[in-house]
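One structure below.
No lab work stands behind these numbers, since they all come straight from the coordinates. Note that the coordinates shown come from a computational prediction; the quantities given were computed from them, not determined experimentally. Reconstructed Cβ throughout: ideal geometry from the backbone, glycine too, with neighbour counts over all protein chains shown.
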Amino acid sequence: MASQSGQQYFLTNEFDAFQKCSTQSVRKTGKFNTATSLKTKAFATLLVAAAAIAPTYVSASSLASQVSPDAIEPPVCSGKQMLVGDGNPHQNFNYRQVTQNLECGSGGCSTSELDLHTFGWTATVSGAEFIGFSAGVSESWTSGQTYTCSISDGTVCLWVKQANTAVTIGKYHCYGTNCGCHQTSTFVEQQPNNNNQGGEYQCRYNSNCTYLGDNYWDYNGCAGGP
């Protein structure tokens, strides 16, 4: 009602103003200016058209404020990755040779790790996020202790048994106004134990020495965290 009264006030005042201009023109010249009259009528027509359109905007605005939130399309929710239950933790070990093979004669020799080697977390799928199981794990662990292996005759090398906590992670699809989620798939992450807890350095000899960087996994560790 307030908007309609305002429109009526606007139309009445504008039209009256043009009527006065027209009347003054006739009084001043003693003639009735046909062109001015036509312009006045055209402007009045435009005002009427504007008045017809204006309520549409007012109505649309009022309608928007009355729309129920349930009728609005739900927000886009991002997917989530999180532990499935307690993560079903198990110990997994990555064995890696961290020195070159050293061939020793009858005089004997020894070898030790000279370079740092970093062991990072891994996952069985691409696009995984690191979901830390506990404070006892981290995204990576770097070796570098001075550990020496010796032999009197033959080949010697140094390996690291790097300990990880394997946990089950779920991928979740989320939707709805409250971003409710349901599980779509699972995968496993191997997360390095802090300070390589549960791991060790190993001296290996002869045929058990292969090459620097060679590695393999043992997935048969005990259940539980570090």
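At a glance:
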item	result
Point-to-point label distance, Asn178-Asn208, nm (Cα→Cβ direction, 7 Å offset)	5.8 nm
Residue order, fewest to most beta carbons within 10 Å, for Leu116, Leu158, Leu102	Leu116, Leu102, Leu158
Selected from Gly85, Thr165, Gly199, residue furthest toward positive end of dipole (region 80-218; charges at beta carbon)	Gly85
Normalised contact order of region 146-200, rounded percent, pairs of Cα under 8 Å and 6 or more residues apart	38 percent
Gained length - Asp115 relative to Tyr216, 0.36 nm times residue gap less alpha-carbon distance	34.4 nm
His173, His182 arranged by Cβ crowding within 10 Å, fewest neighbours leading	His182, His173
